[in-house]
Each structure stands twice: as C-alpha cells, then as structure tokens.
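Every number in this text was worked out from the coordinates using simple rules, so none of it is lab data. Bear in mind the structure is a predicted one, so any value in this text is a computation, not a measurement. Note that each Cβ is placed from the backbone with ideal geometry, even for glycine, and that neighbours are counted across all protein chains shown.
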Amino acid sequence: MRRLLACLLLLLPALAPAEEMRLPPETMRLQAMSARFAPFEVRVDLSALPESERRALASLVKAARLTDALYMRQLWAGNGALLLKLQGDATPLGRARLDYYLVNRGPWSRLDDNAPFVPGVPPKPEAANFYPVGATKAEVESWLAGLDEKARAEATGFFTTIRRGTDGGFVAVPYSLEYQGELAEMARHLRDAAAATAEPSLKTFLESRAEAFATNDYYASDVAWMKLDSAIEPTIGPYEVYEDGWFNYKAAFESFIAVRDAEETAKLDRFGSELQWLEDRLPVDPSFRRKKLGGLAPLRVVNVVFSAGDGNHDVQTAAFNLPNDERIVAEMGSKRILLKNYQQAKFEKTLLPISKVALAAADQAYVDFDAFFTHILMHEVMHGLGPTNTGPDGSGGGVRAAIKELYSTVEEAKADITGLWALQKLMDKGVIDPAGERRMYTTYLASAFRTLRFGMDDSHARGMALQVNWLLDAGAYRVNPDGTFSVDMRRVKKAVEGLSRELLTIEAKGDYEGGKRLLERLVVLRPEVQAVLGRLGDVAVDIRPRFVTAEALEAEFP
Ligand code: ZN
C-alpha cells in the first residue's frame, strides 16, 4: 500500500490543473467524498450591532478558533502531528487529503463508518484520547468500581481525562491541567470580549467561563450561560459526550459564536408556556412524570457567525440543548438553541432534493421548511422533558449513568419521536394550526432519509433507524411498489405514541437490558431503506460552512 502510494506521488507534480480528468483515482475519490458537503457562505447581518458588540464578537471568534485544535487533540493523540504533515503536502492528492481531513477534523471518514482515508493511521479509537493508551474498557470499569464515591464522581465526570500515574495505575486529570496552555489563551480572548461588551449578562458569562477554564468548575459559568440576555449568544467550552465511545462521560470542546434572532425567539417562547402541560401528559406511567419542571427554560433562535471544534465537523449541528450538568437541568431546566441559518441551508441543499427521490409524488408537496424547523424546535424542547433520574418520582440515579453507552441513541430517538407526539398534542389543543398535520409527518419522513445518510456511527442516525423500523412495523410508513415511501395518516399517531412510551419507560426504569434488546433489533438499515439511500447519489449529504462574516470581523478588529 505504502509503495504504491509513493509511485502515485512521484507522478503528481507533473500534473497541470487543466489535466484534472487524469488525476489519480484516490485524489478523485477524496474530492468526491468532500463534495458530499455543499459549500455554504455564512453571512450574518450585523448592522444592528453597536461597535462594542462587534468588537466582542471578534474576540470570541479568536477564542473559538482554539477549540478546533483542542477538539482534534481530544479525538486522537496523533491528530496534531498528522495535520502538520498533511499541510506540508502540496500535491493534488495531499491537498485532497487535507481538505477532507478538515471536513472530518481527523483522518476517519465519519460518513463511511469512520473508514481511515490517510494511509498508516490506526482505526478511530473508540475511547478517543480520554483514556490511557493501551488500557481496556474492562480495566477502566473495574478501576472505577473500586473508587470511593467522591473519587468515582470525579473520574466519571465530564471534565477529567483518565491517565496513567507514575505508579502505572489510573488517575483522573482535570481538563484545567490537561489542556492548560490552550485554555489560558482562550481565557485571555474571553476576557477581551468581556471588556468590550456593554451587555452585563454577557460580561458575567465570559468572565466566569474564563475562570472555569482555570478552576475546572463549570457550574457558575453554566448558570451564567443560562441567564444570558444579550444580542450575542456564545457557546464555548467542553460540552457534548458523544466522542467518548466507551461511557459517554467525557466532554469535547466546541464553540458556536452566534447572534440572536430576536423575532423568532419571541415566537418560540410561546411554546415555553406549554412545557409542564406536555410533561403531565407524557405517554409513560404517571409516577415517572416530573411534577414540577425547572423554571421556564429559555429558547433561543440564533444565526451562527462562527463554529469550531465538536461544533464544526462533517454533518453540522442544527440545534442543541445545554448544559449537560444534571444539577442545572434539575434546578433551572436547560437552554435550547436553534441555528436558523444552518437549518435553512440544510433544508434547501439536502432535504428538498431528497424528498423528490424518497417520497411518492403525492407526498412531495407536503414537505416545507416551517414543518422542518418546528420539529427541530420540539426535538430540543423534549430533551428537557421526561425522566432525568430513574425510578418513581425520580428517586433513583441519573438516566445517563444507568443506560451508559445506549444513552445517546435512546435520548436522541426519544427527543425525535416525542417531538412528533408533542406537536400533535399541541395541534389537538389548538396551540398550533392542525392544518399542518400532514406536512409535519411527511416532512419528518423525508428528513429521516437525510439523517440516515449520516451512517450508523452517529447517535442521531442510530436513533432514526430505530424510529423508521418501528414505524414501518406499525404500518405508519408504507413502501410503495416503486420503492418510494408514504405516510399512512390513519396509523402514524398511534405508532408515534407507542414508541414514545417504549423509550420513556426505558429511561424511567434505567432499563439497560431492555434498551439493548430494542437497539439490537431496530438499529439496522433494512433493504427498502438502503434502496432509497442508494438512489440519493448526487444529493449533498450536508453543508460545509465558510465563515465570511467572521473573517471580515477579524480583519476589522485584528
Ligand atoms: Zn438531540
């Protein structure tokens, strides 16, 4: 393999751009893999922002750029050296590798079950770079089991890595130590932004987050983030745990530097007043419903100016729900952020073209952006509803700890399917116009194929496979003789409620074995689904942002 490659490389310098058609197959293959992401220029109108806020925004973009390097290091210890090597290769093949590496933030193609695309790299480590090289999951598990309560909480916490101590045993290392250099630099930019802004709640968040980078205690800054009330809406720090393939314990660094879309946010606040009403009616045994949710959970619709780290690789995040600290979720709920400009780009570049292939002609007319946007909103709302603790009245431990590596898939599927359930409830109640019913289920079916293309390593896609198969078995989705899919409106409501009950009950009971059986049975791509995916050929899988406005800001405030 290596020798063959050396031969190819010798040929490359002779190639002129006009001879692109004669590029080696590997270069063309990589270019085709990159082309699955439709370029999208991220331009945000900042004309309403005063200079103080634009200056703060520029500092935040600088801080956010650093999360890229941190995140890549968290994924794999070899990432930094490999990036340097790829950057030094000016051949067409080298450039194609670098380009696709940057899409994935690593040498594994996430869309292709993490197949490596750079010669000589190991398989993507399931434990990422959070656990000691060479350690097994069983060794770490048995070490964790032997710790006292306080040490175990630290070792299983979001913000520590596990390393080997000088005696060869395991030890928990706080992020503030593990990533000390990068975090100090990020803190400096955050303090610059804090000095620039005229908005008190933003200043408080930025100062407390800068402090958290040094103390490793993120609680106060997460609370300040919850209380943000400013035109700029920054999310920066260690957050999601999906990269920890062993336990979903460890948080990866990410940034979303965004500005609020005030008009849409006001519209969404209307749904905020329905949260407890929905919780009280969840399709689950009443003892598992939460009697009193945390205070009104804020909903934000933003337009992204810049994203980085775990917030910018391959398939782009359209919405998220933070913080993940279960204490804060229990005390004050969580904040949902919808990335409107990213969602609109996805809808136009991927979902509309997919619906023309996947749906029967009669169904295609029912696919629209409003339905797409509203379900994403409700998905985020539903992450904040349902059990966070197991047992009647939440008397047991946390759900996440109880169902371990199943959690991401189960929770994403729960948010999706109970999102449909909740929107139907609000239609029945008259809060939402019931005329949108068929548009909701049909747009959701089209969006399923968009999600399934992400591959079975993605927890959203795994959750979606589970839903599609459940709905097919319940007769709610129908496969037509020509292979297109349709919704059976007479059966879909009952099927949605049934799966909602199943997933909520698994979470409420912390039923690891039951969850495992369900996932083993339904997290598969069946032939009829594969056939549609196979026909999507040239449709872009997702968008690839280029940060035009962020670059202009950095030029304006160097
Ligand atoms: Zn989600």
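Peptides 112-120, 333-341 ranked from most to least packed give 333-341, 112-120, packing being the mean of other C-beta atoms within 10 angstrom over each peptide's residues. Listed peptides 304-316, 369-381 appear in the order 304-316, 369-381 once ranked by packing, highest mean of other Cβ atoms within 10 Å at the front.
Using R0 = 45 Å, the C-beta based FRET efficiency linking Thr136 and Ala90 works out to 0.65. Using the Cβ-Cβ distance between Leu533 and Ala262 with R0 set to 41 Å, the FRET efficiency from 1/(1 + (r/R0)^6) comes to roughly 0.60. Judged by the ratio a/c of the largest to the smallest principal axis of the C-alpha gyration tensor, the stretch 340-430 counts as prolate, that ratio being 1.5 or greater while a/b is larger than b/c.
Full extension of the chain between Ser201 and Asn480 gives 95.0 nm of extra length, using 0.36 nm per residue less the Cα-Cα distance.
The string of couplings for the stretch 409-415 from the Karplus curve (6.51, -1.76, 1.60, θ = phi - 60°) is 5, 5, 5, 5, 5, 4, 4 Hz, one whole number per residue in order, with x for Gly and Pro. Here's how it looks for Gly237: its modeled amide H is under 5 Å from those of Glu254, which are all 5 or more places away or on a different chain. The length gained on full extension between Glu154 and Arg491, counted as 0.36 nm times the residue separation minus their Cα-Cα distance, comes to 116.6 nm. Residues whose amide H comes within less than 5 Å of that of Tyr477, counting only those at least five positions distant or on another chain, are Leu472, Asp488 (H built at 1.01 Å from N in the peptide plane). State whether the stretch 222-288 is rounded, prolate or oblate according to the following rule on the C-alpha gyration tensor (a ≥ b ≥ c being the square roots of its eigenvalues): a/c under 1.5 gives rounded; otherwise a/b larger than b/c gives prolate, and the remaining case gives oblate. Verdict is oblate for the stretch 222-288.
Within the chain, DSSP assigns beta bridges of which about 75% are antiparallel (rounded to the nearest 5). For the chain, the square roots of the Cα gyration tensor eigenvalues, ordered a ≥ b ≥ c, give a/c below 1.5, which places it in the rounded category. In order along the stretch 89-101, phi translates into HN-Hα couplings of 9, 8, 6, x, 5, x, 5, 5, 5, 4, 4, 6, 4 Hz, rounded to whole numbers, per the Karplus curve 6.51 cos²θ - 1.76 cosθ + 1.60 with θ = phi - 60° and x for Gly and Pro. Peptides 425-437, 397-409, 509-521 ranked from most to least packed by the mean count of surrounding Cβ atoms within 10 Å: 397-409, 509-521, 425-437. Per residue, the average separation of C-alpha pairs within less than 8 Å and at least 6 apart gives the chain a relative contact order of 17 percent. Label-to-label distance, Ser287 versus Asp99, with points set 7 angstrom from Cα along the beta-carbon direction: 6.0 nm. Neighbours of Gly510, meaning other residues whose beta-carbon lies under 15 angstrom from its beta-carbon, give a summed charge of -3 when Lys and Arg score +1 and Asp and Glu score -1.
Mean residue ellipticity at 222 nm, helices only, the chain: -15500 deg cm²/dmol; runs of at least 4 DSSP H residues each add -39,500 (n - 2.57), and the sum is divided by the number of residues.
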